[in-house]
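**Student:** Just passing along the structure, written as structure tokens.
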Amino acid sequence: MAAWLWRTRVPAHLPPAHVSASEFFTPGELKRAEGHVRMIRVAALAAFALQLGVLALLALRPPGARASVTGALLGLALWLAAAPSAIVTEAWQRRYGISLQSWGAWTLAFLPSVLAWVVGGAIAGAVVVALARRTPRWWLAAAALATASVAVYAFASPLVGRGEPLRHPPPGLAGVRVEVDRVHKETRAANAEAIGIGPTQRIVFWDTILRLPPRELAVLATHERAHLNRRHILKGLAWTLLFLVPGFWLVGRAARPDRAELLPRAALAAAAVALIALPFANAISRRYEREADWIALERTRDSDAAANLFRDLALSNALQPDPPRWAYVLFADHPSTMQRIELAKSLRGTALQGGLGSP
């Protein structure tokens, strides 16, 4: 199954496109991006280290409470450990002129997330302990339930979004629901995404991205539609199950959580497994993003607009065009900007060789 899910429409061999970041970005733009992402990475690593430390302390001295309460306390502890990183990240985004919202607005948006951590932790703790008490193969049931929960969220979340219909969507989106999120008062970052499953699937544009030229928007629209046409969200759910089954099994080997006091130890093991799995999950995401890029190139045949789109997205979000390898593996769920530009530039050579669109 994994081999089938890994397959994409991107040709196996593409003619090399020799481009450098200095051809598309000024020294000042490259310096700004490097300064921006450096602190964001430090904050993310610090958050994960704090969360691991909190889980280790709770594993050594577990709270004497029932499973649901212990799970809620774990969720609260993890949220508190992540909060300093979130504050630093917001401050850094404001320093670089990306975040435009006031601290009061940011706080009002951030604080309710504690409910998701606490309630989610309480439910997860109660369910995991109940399953572990009833069957030695609790990890199979836990993986199935967790995947089903992700599927329900993917299906339902578009229904409670704040998007409104986009009056004049870019070409290539006929038959697809297209929405726009009005975020220009909150951020200068630009984004678009394909979300939903079946009847809830749609494409969402941030209004900040609509300022791009029409040719670039046409490439972007075709990219997002490719995610829907190639069923990347459903394939992601399949990958979720493939990761969770061995992941929960490994957690069970570290601590079968059939008692509430073992939940912190199991959560610590789960965090370690998640860290190990993260580079693989990122690689899968990057592969699907590359496929969507290629299909957009295949359909629009506009390599210049695609290269300009990738450049403009990097500038709007202050992304490092060619990040260090360790950061790319650990953090990047999209190909790097220079990889995407190189793919766009390879279109011409591939078209001349007659290989465009080969499976």
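**Student:** If I model the range 146-236 as equal point scatterers sitting on the Cα atoms and use the Debye formula, what is log10 I(q)/I(0) at q = 0.16, 0.19, 0.22, 0.25 Å⁻¹?
**Tutor:** -0.64, -0.88, -1.12, -1.33
**Student:** Still on this structure, I have one more. Testing the spin-label approximation: label points 7 Å from Cα along Cα→Cβ at A2 and A56. State their distance in nm.
**Tutor:** Label-label distance for A2 and A56, simple model: 2.9 nm.
**Student:** Hey, what's the Cα Rg ratio for the range 223-359 versus the globular rule of thumb, 2.2 N^0.38 Å?
**Tutor:** Compactness ratio reported: 1.35.
**Student:** Moving to a separate point now. State the three equivalent ellipsoid semi-axes of the range 280-334, derived from the C-alpha gyration tensor as the square roots of 5 times its eigenvalues, in descending order and whole Å.
**Tutor:** One finds semi-axes of 21, 16, 7 Å for the range 280-334.
**Student:** Report the full-extension gain for the segment R134 to A283: residue separation times 0.36 nm, less the Cα-Cα distance, to one decimal in nm.
**Tutor:** Here the segment from R134 to A283 would lengthen by 50.1 nm.
**Student:** Still on this model: Whose amide H sits under 5 Å from the amide H of E179, counting only residues 5 or more places off or on another chain, with H placed in the peptide plane?
**Tutor:** L166, I203, V204, F205
**Student:** With r as the distance between the Cβ atoms of L210 and V19 and R0 = 25 Å, compute the FRET efficiency 1/(1 + (r/R0)^6) and round to 0.05.
**Tutor:** 0.35
**Student:** Right, something else. For the chain, what is the Kirkwood estimate of the hydrodynamic radius, computed as the reciprocal of the mean inverse distance between distinct Cα atoms, to one decimal in Å?
**Tutor:** Kirkwood hydrodynamic radius for the chain: 22.3 Å.
**Student:** Can you give the log10 of the normalised intensity I(q)/I(0) at q = 0.13, 0.16 Å⁻¹, computed with Debye over equal Cα scatterers of the range 132-284?
**Tutor:** Each listed q maps to, in turn, -0.74, -0.92.
**Student:** Now a separate question. Looking at N282, V245, Q339, which one has the Cα that reaches farthest to the positive end of the dipole of the range 201-342 (charges on Cβ: Lys, Arg +1; Asp, Glu -1)?
**Tutor:** Of the options given, the answer is V245.
**Student:** Starting from the Cα of K185, draw a straight line to each of the lysines and keep only those under 19 Å, dropping any in the same chain fewer than 8 residues away.
**Tutor:** K185 reaches no qualifying lysines.
**Student:** Still on this model: Modelling each spin label as a point 7 Å along the Cα-to-Cβ direction, I'd like the V160/A116 distance in nm, to one decimal.
**Tutor:** Reported label-point gap for V160 and A116 is 1.0 nm.
**Student:** Treating only the Cβ of Lys, Arg, Asp and Glu as charged (+1, +1, -1, -1), what charge dipole size does the chain show about its Cα centre? Round to the nearest 20 debye.
**Tutor:** It works out to roughly 760 debye.
**Student:** When we measure straight from the Cα of K31, which lysines land under 25 angstrom away, once same-chain ones fewer than 8 places off are left out?
**Tutor:** Counting by Cα, and skipping residues close in sequence, K31 has these lysines nearby: K345.
**Student:** Note down the accessible area of E23, probe 1.4 Å, to the nearest 10 Å².
**Tutor:** 110 Å²
**Student:** If a/c stays under 1.5 just call it rounded; otherwise compare a/b with b/c (prolate if a/b is bigger, oblate if not). Do that for the range 1-150, with a ≥ b ≥ c from the square roots of the Cα gyration tensor eigenvalues.
**Tutor:** In terms of gyration-tensor shape, oblate.
**Student:** Quickly estimate the mean residue ellipticity at 222 nm for the chain, helices only: each DSSP H run with n ≥ 4 gives -39500 (n - 2.57), and the total goes over all residues, rounded to 500.
**Tutor:** -22000 deg cm²/dmol
**Student:** For the range 178-227, just say rounded, prolate or oblate: build the C-alpha gyration tensor, square-root its eigenvalues into a ≥ b ≥ c, call rounded for a/c under 1.5, and beyond that prolate if a/b exceeds b/c, oblate if not.
**Tutor:** Oblate.
**Student:** Now a separate question. For I123 paired with R253, estimate the spin-label separation in nm (one decimal), with each label point 7 Å from Cα along the Cα-to-Cβ line.
**Tutor:** About 3.0 nm, to one decimal.
**Student:** Based on a Kirkwood Rh over C-alpha pairs, give the Stokes-Einstein translational diffusion coefficient of the range 112-183 at 10 °C and viscosity 1.306 mPa s in µm²/s.
**Tutor:** In µm²/s, the coefficient rounds to 102.
**Student:** When a/c is below 1.5 the answer is rounded, else prolate if a/b is larger than b/c, else oblate, so apply that to the range 1-90 with a ≥ b ≥ c taken from the square roots of the Cα gyration tensor eigenvalues. Each step should come with its number before you reach the end.
**Tutor:** Details: a/c = 4.45, a/b = 1.67, b/c = 2.67.
Taking the square roots of the gyration eigenvalues as a ≥ b ≥ c, the range 1-90 is oblate.
**Student:** In nm, what is the difference between 0.36 nm times the number of residues separating A238 and T107 and their Cα-Cα distance?
**Tutor:** Extending this stretch completely gives an extra 43.6 nm.
**Student:** At 25 °C and 0.890 mPa s, what whole-number value in µm²/s does Stokes-Einstein give for the translational diffusion of the range 194-257, with Rh from the Kirkwood sum over Cα pairs?
**Tutor:** D = 170 µm²/s.
The values are calculated or read from the model by the stated rules, or taken from the named source; none is laboratory data. Computed from a predicted model, the values in this text were never measured in an experiment. A quick note on method: Cβ atoms are made from the backbone with ideal geometry, for glycine too, and the neighbour counts reach across all protein chains shown. Accessible surface areas use protein heavy atoms only, side chains included; no ligands, DNA or RNA. Shrake-Rupley method; radii C 1.70, N 1.55, O 1.52, S 1.80 Å.
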